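What follows is a short report on a single structure.
Values in this text are rule-based calculations from the coordinates and carry no lab data. Computed from a prediction, not measured in an experiment: that's the story for all the values here. FYI the Cβ positions are ideal-geometry reconstructions off the backbone, even for glycines, and counts take in every protein chain you see.
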Amino acid sequence: MSITLDSKIPSGPVPSKWSRYRQDMKLVNPANKRKFNVIVVGTGLAGASAAATLGELGYQVKAFCFQDSPRRAHSIAAQGGINAAKNYRNDGDSIYRLFYDTIKGGDFRAREANVHRLAEVSVNIIDQCVAQGVPFAREYSGLLDNRSFGGAQVSRTFYARGQTGQQLLIGAYQALERQIAAGTVEMHARTELLDIVLVDGHARGIITRNLVTGKIEAYAAAAVVLATGGYGNVFYLSTNAKGCNVTATWRAHKKGALFANPCYTQIHPTCIPVSGDHQSKLTLMSESLRNDGRVWVPKRLEDCGKPASSIAESDRDYYLERKYPSYGNLAPRDIASRAAKQVCDDGRGVGPGGRGVYLDFADSIRRLGENKIRERYGNLFDMYRQITGENAYQQPMRMYPAIHYTMGGLWVDYELMSNVPGLFVIGEANFSDHGANRLGASALMQGLADGYFVLPQTIGGYFAASKNGEVSVDRPEFRQAIEDVETRINKLLSINGKKTVTEFHRELGKLMWDDVGMARTKDSLQQALKRIPELRNEFWENVNVLGGGLELNQALEQAGRVADFLEFGELLAYDAMQREESCGGHFREEYQTEDGEALRNDGEYAFVSAWEHKGVDQFPVLHKEPLVYEEVKMAQRSYK
Amino acid sequence: MNLTLRVWRQKSSASAGQFVTYDAHDISPDMSFLEMIDVVNDRLIKKGEEQIAFDHDCREGICGMCSLVINGTPHGPLQTTTCQLHMRSFKDGETITIEPWRAGPFPVLRDLVVDRSAFDRIIQSGGYVSVSTGGAPDGNAIPVPKADADRAFDAATCIGCGACVAACKNASAMLFVSAKVSHLSLLPQGRVEEERRALQMVAKMDEEGFGNCTNTGSCEAACPKGISLDNIARMNRIYAKALIKNSVG
């Protein structure tokens, strides 16, 4: 099958593409909608909002999540807020400005038409969420409050204290539960997707495992929607939830869906550092701390083990202030992250394992008083104390960067459909809107834009045009997929090796972080590409998964996910190797300016890389979707 | 640190369970409680024993998936979720008893994992605003007094973990249900349906087998998000008003 990438971007000027698309799209009449079955996998912001909205429109929806309830999805952990071009502040915001900021923040590697649509529907999201009863922050007037966020000069971020993701997800979850009660959505919690089924080249169903009984089941539908999140856990330690995995998108990839831009991974500079080998995940601390904290490490190696208070002022290296005098401690995320790695690589890191830098509030406390700092950041200091047992009013915090979000994902066209007809991908699982770097408060916006406002429209066009009849799960395609899934499970259970799944995952994560992490080189990538297949082979020979298939077996669940990460990690490294430039979340040390900033190569790399799977241990095939900028002129991002 | 764990092991909901004692040696005080179990599990696998099943996901105190009754208290000695509890809260040499949530409407699925889908079904019975996507008025069309928005937010921070039920001697879900009723009733958007919502959610709660509230306050004490008993009082007012209206017609 030869693949042609047709992004299906509507013609006409960028600002009118979405309205033009909606004028021209084919509709499904209400009576016919109930004839279409839709499978939605994942119930985070994108999945829950899509399943609820499709149900409201009259489609017959089956929704799936691996957690015990759709309310648990990791969208819930988003802290900061959600952007919308409401211009309630009268500070010059507009749809165009949100569009431009997002394109620029993405380092000119996103598709213009998609991003403009995102900015357009952002205003509807806020209205929708308010109507659902999301308790956004309000001013004394009773009107909605806003805050400002990185990468923007306007205040367009709506928030619900530090728990915006939770409140938005609960809104979408409640809308979903309402449809479940109405009978339009059938919910399958504690159920994991293990394969996608294609019939005549169209996505027509999925194979799942019931995580309580272990039963393998097949579900057929007229279309399949994946809303299964990102792949940050390929690094083992990340700010993702423990259950986050690449399995759904990876299985779809192996069935023919192209994987786009896997090398675009976002690192957050202020996370609580690793405290030991037992560490299972990393916790993010709001970036706002850098407004009043000064970042430093000891100048001399021999001082690194000493308490911070015993190191004289003159022996401290405030390296961000030294290297980036104009931005100082507020240098952008990627710069601050790489600088921290550099000083730790030099051996000047602090805390257990030497992977940490100080974020010191002593000056601010002297200047403003402890109460002022408590007022601004009290909850963060409490959280820090809970996790580390340290009082950051008396000694500096320790921070280290961590994987936080992944911009890459399955390739989709303007309609959010992958190159496999009938397979739609929304939210973090697709690649579409953030380019090489995502701005703060944009992930929630994209998830809900896709789920509430874009997919429910575009999927109708697919149904209206396709002549898909009903399919039965008794077809050979389904039977074959069930057999494949069962064979794999039996294989995992029969290896009886010496190492636990966690040991393999940790090893993969360390390798990915060291060689394919914050700063990549040709050598480090070659090293990774050699080591990953070795580790994968060892996994299939030496992993130990106890218990049976037909029971609640968390080791088996984890084993299947890690097995997929062991294949996916290689693709991430291939993509990073191929992209001989630095942009956004992808930094190749060979390609940087004298100031250490990312050096893009627009002449050769202004394209979306979309990879085609050719088999495990086979080199994947690269397809390129050129990025054509009609509205915006590509420019070097400047932080000066 | 060296600890002794007494852990509830139960193969499935159909089988009987029992406490099994495990030795947890060389535990770092910096480990979270769940990381301590991770370590014990990895050692069990090495010995050819199946790992202890427990629910967890975000490990940052917000998803509500982790549970565990630790030494008789849901989520353990601190007022936080189990995932945010660290081993420095325990003493070297201590014996720690770990059980699943104990409540009729939360049947044990395996070891420490329970089925909390009854909470989802309670939300299905009315825990939402009946608004469909599209056609919502402008977000600023209806001003909401800041104090109301803040109180609604406080109620809405419930993470649905079920600690309130596990702590209650009656296995009552009143704190959970009243947090939702309060969250929505405190906002003009949700007030339209408040009476119907309160009646339906309380009826569903009873149907699912949760017990009555006898105002002991153990739910509030166990809640990792500090959801207040005031919510129960508020729901009772709404419920009583709705009952009277219904009976008078």
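Taking Cα centre as origin and charging only the Cβ of basic (Lys, Arg, +1) and acidic (Asp, Glu, -1) residues, the dipole magnitude of region B:3-110 rounds to 360 debye.
Please compute the net charge surrounding A:THR184, taking Lys and Arg as +1 and Asp and Glu as -1 over other residues with Cβ under 11 Å from its Cβ. Working shown, then result.
Numbers: positive: A:LYS33, A:ARG34, A:LYS62, A:ARG178; negative: A:GLU56, A:GLU186.
Local charge sum for A:THR184: +2.
As a length-normalised measure over Cα pairs under 8 Å and 6 or more apart, the relative contact order of chain A settles at 20 percent.
Only aspartates and glutamates eight or more places from B:LYS91 in sequence, or on another chain, were considered; those with a Cα closer than 16 Å are B:ASP23, B:ASP26, B:ASP30. Once a ≥ b ≥ c are taken as the square roots of the eigenvalues of the Cα gyration tensor of region A:272-328, is the result rounded (a/c under 1.5), prolate (a/b larger than b/c) or oblate (a/b not larger than b/c)? Note, shape of region A:272-328 comes out oblate. Of interest is the spacing of the C-alpha centroids, which for region B:212-249 and region A:17-48 amounts to 40 Å. Residue by residue along A:43-56, Cβ atoms of other protein chains within 10 Å of the local Cβ number 1 on average.
What ranking do A:MET407, A:MET187 get, fewest neighbouring Cβ atoms within 10 angstrom at the top? Intermediate values should be presented prior to the final figure.
Values: A:MET407 30, A:MET187 22.
Ascending number of Cβ neighbours within 10 Å: A:MET187, A:MET407.
Panel order for B:LYS169, B:LYS47, by other beta carbons found within 10 Å of each beta carbon, from fewest to most: B:LYS47, B:LYS169. Between A:ARG89 and A:ARG34, the distance separating the two model label sites (each 7 Å from Cα on the Cα→Cβ line) works out to 4.8 nm.
If you sort the three axes of the alpha carbon gyration tensor as a ≥ b ≥ c, you get a/c under 1.5 for the protein assembly as shown, which makes it rounded. Backbone geometry of region A:436-442 corresponds, through the Karplus equation with coefficients 6.51, -1.76 and 1.60 at θ = phi - 60°, to 3J(HN,Hα) couplings of 8, 7, 9, 7, x, 6, 9 Hz, x marking Gly and Pro. Compactness check for region B:116-248: Cα Rg over 2.2 N^0.38 Å is 1.05. The amide H of A:MET397, built 1.01 Å from its N in the peptide plane, has A:LEU359, A:PHE361 as neighbours under 5 Å, considering only residues 5 or more places off or on other chains. With 22 Å as the limit, the listed pairs A:LYS62/B:LYS180; A:LYS33/A:LYS255; A:LYS254/A:LYS491 have A:LYS62/B:LYS180; A:LYS33/A:LYS255 beyond it between alpha carbons. Treating each Cα of region A:1-96 as an identical point scatterer and summing with the Debye formula, the log10 of I(q)/I(0) at q = 0.18, 0.23 Å⁻¹ comes to -1.14, -1.08.
Angle of helix A:455-465 to the longest C-alpha principal axis of chain A, folded into 0 to 90 degrees and rounded to 10: 30°. Rounded to 0.05, the FRET efficiency of the B:ASN246 and A:THR213 pair, given R0 = 45 Å and the Cβ-Cβ distance, is 0.60.
Normalised by the residues of region B:116-248, what does the relative contact order come to in percent, with Cα pairs under 8 Å and at least six apart? Could you put the intermediate results ahead of the total?
Working: 153 pairs, mean separation 43.8, N = 133.
Worked out over region B:116-248, it gives 33 percent.
Taking every DSSP beta bridge that has both ends in chain A, the antiparallel portion is near 70%.
Of A:ASN542, A:ALA160, A:VAL295, which is farthest towards the positive pole of the protein assembly as shown's charge dipole, taken about the Cα centre with +1 and -1 on the beta-carbons of Lys, Arg and Asp, Glu respectively? Checked the options; the winner is A:ALA160.
Using θ = phi - 60° in the Karplus curve 6.51 cos²θ - 1.76 cosθ + 1.60, the 3J(HN,Hα) couplings for region A:23-35 round to 5, 8, 6, 7, 10, 10, 6, x, 5, 7, 4, 5, 7 Hz; x is entered for Gly and Pro. Taking Lys and Arg as +1 and Asp and Glu as -1, the other residues whose beta-carbon sits under 11 Å from that of A:TYR96 total -3. For the pair region A:51-95 and region A:297-330, the centres of their Cα atoms are 42 angstrom apart. Only helices enter the 222 nm calculation for chain A: every DSSP H run of n ≥ 4 contributes -39,500 (n - 2.57), and dividing by all residues gives -11500 deg cm²/dmol, rounded to 500. For B:GLY139, the residues whose amide H sits under 5 Å from its own are A:ASP127, ignoring neighbours fewer than 5 places away on the same chain, with H placed 1.01 Å from N. Among B:VAL129, B:VAL202, B:VAL113, the largest mean-square fluctuation in a Gaussian network model of chain B (Cα springs under 10 Å) belongs to B:VAL129.
Over chain B, Cα pairs under 8 Å with separation of 6+ residues give a relative contact order of 19 percent. Charges were assigned to the Cβ only: +1 to each Lys and Arg, -1 to each Asp and Glu. The resulting dipole of chain A about its Cα centre is roughly 1000 debye. The phi torsions of region A:40-47, fed into the Karplus equation with coefficients 6.51, -1.76 and 1.60 and a -60° offset, translate into couplings of 10, 10, x, 10, x, 4, 5, x Hz, rounded to whole numbers, with Gly and Pro shown as x. For region B:3-110, pairs of C-alpha atoms spaced more than 19 angstrom apart make up 42 percent of the total. Cα convex hull, chain B: 153 Å³ per residue, rounded to a whole number.
Annotation for region A:400-424 versus region A:459-498: alpha-carbon center distance of 21 Å. Legend: ranking of residues A:LYS522, A:LYS323 from fewest to most surrounding C-beta atoms inside 10 Å; resulting order A:LYS522, A:LYS323. Summing +1 for each Lys or Arg and -1 for each Asp or Glu among the other residues whose beta-carbon sits under 12 angstrom from that of A:GLY230 gives 0.
Can you give me the Kirkwood hydrodynamic radius for region A:267-404, using every pair of distinct Cα atoms, in Å to one decimal? Write down the numbers at each step before the final one.
Working: mean 1/r = 0.0669 Å⁻¹.
One decimal place: 15.0 Å for the Kirkwood radius.
For region A:335-379, backbone nitrogen atoms closer than 14 Å to the point 7 Å from A:ASP514 Cα along Cα-to-C-beta are found at A:345. Plugging the Kirkwood radius over Cα pairs into Stokes-Einstein for region B:76-153, at a temperature of 37 °C and a viscosity of 0.692 mPa s, what D comes out in µm²/s? For the chosen part, D equals 186 µm²/s. Projecting the Cα atoms of B:GLY135, B:THR157, B:MET205 onto the charge dipole of region B:116-248, computed from C-beta unit charges around the Cα centre, puts B:MET205 farthest toward the positive end.
Bridging of A:LYS86 to aspartates and glutamates at a Cα separation below 17 Å is possible for A:ASP101, A:GLU120, A:ASP127, A:GLU139, A:ASP145, B:ASP138, once same-chain residues fewer than 8 apart are set aside.
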